[in-house]
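Written below as structure tokens is the structure these notes are about.
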């Protein structure tokens with residue numbers, strides 16, 4: 001029962017975070033809300049997770065939840081990686097623009 005309460009608090013916190021995040025990123029907010037709601041549902045009614053796992057061809061409900069969590073984690077990791085790459089490319093473009101502007105300014109000063 002203690003684990004169930006701890007998971008409820010954790011998932012409720014995620015639900016609150018998803019509600020706040022919805023304004024910034026609706027897709028992430030909705031997906032986080034859905035994950036938290038399903039998590040709360042399966043925490044309080046674990047037999048339904050087992051039933052769903054059997055329908056999916058997985059042995060236990062816990063196994064199904066872990067598999068889904070791993071997939072979600074990999075998707076989040078990929079998303080973060082792609083955002084980081086985009087930021088690094090933007091920094092490279094900005095650094096080149098600053099270097100070219102600085103070189104042009106110095107060349108103009110040397111001509112005077």
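Residue-wise test of (1) within 17 Å of the chain's Cα centre (by Cα); (2) modelled with pLDDT of 95 or more; (3) surrounded by 10 or more Cβ atoms within 10 Å (Cβ to Cβ).
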{"site": "1", "(1), (2), (3)": "no, no, no"}
{"site": "28", "(1), (2), (3)": "yes, no, yes"}
{"site": "50", "(1), (2), (3)": "no, no, yes"}
{"site": "78", "(1), (2), (3)": "yes, no, yes"}
{"site": "92", "(1), (2), (3)": "no, yes, yes"}
{"site": "98", "(1), (2), (3)": "no, yes, yes"}
So which of 40, 5, 34 ends up being more than 14 Å from the chain's Cα centre (by Cα), without any contact (Cβ under 8 Å) to a residue 12 or more places away in the chain and not assigned by TED's automatic domain parsing to the domain that holds residue 73?
5
Of everything in region 38-65, what is in contact with a helix residue (DSSP H, G or I) (Cβ under 9 Å, 6 or more places away or on another chain), more than 13 Å from residue 7 (Cβ to Cβ) and in a helix (DSSP H, G or I)? Give them in sequence order.
47, 48, 50, 51, 52, 53, 54, 56, 61, 63, 64
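The values are calculated or read from the model by the stated rules, or taken from the named source; none is laboratory data. Only a predicted model underlies this, so the values are computations on that prediction, with no experimental measurement involved. Note: ideal-geometry Cβ built from the backbone for every residue, glycine included; neighbour counts use all protein chains shown.
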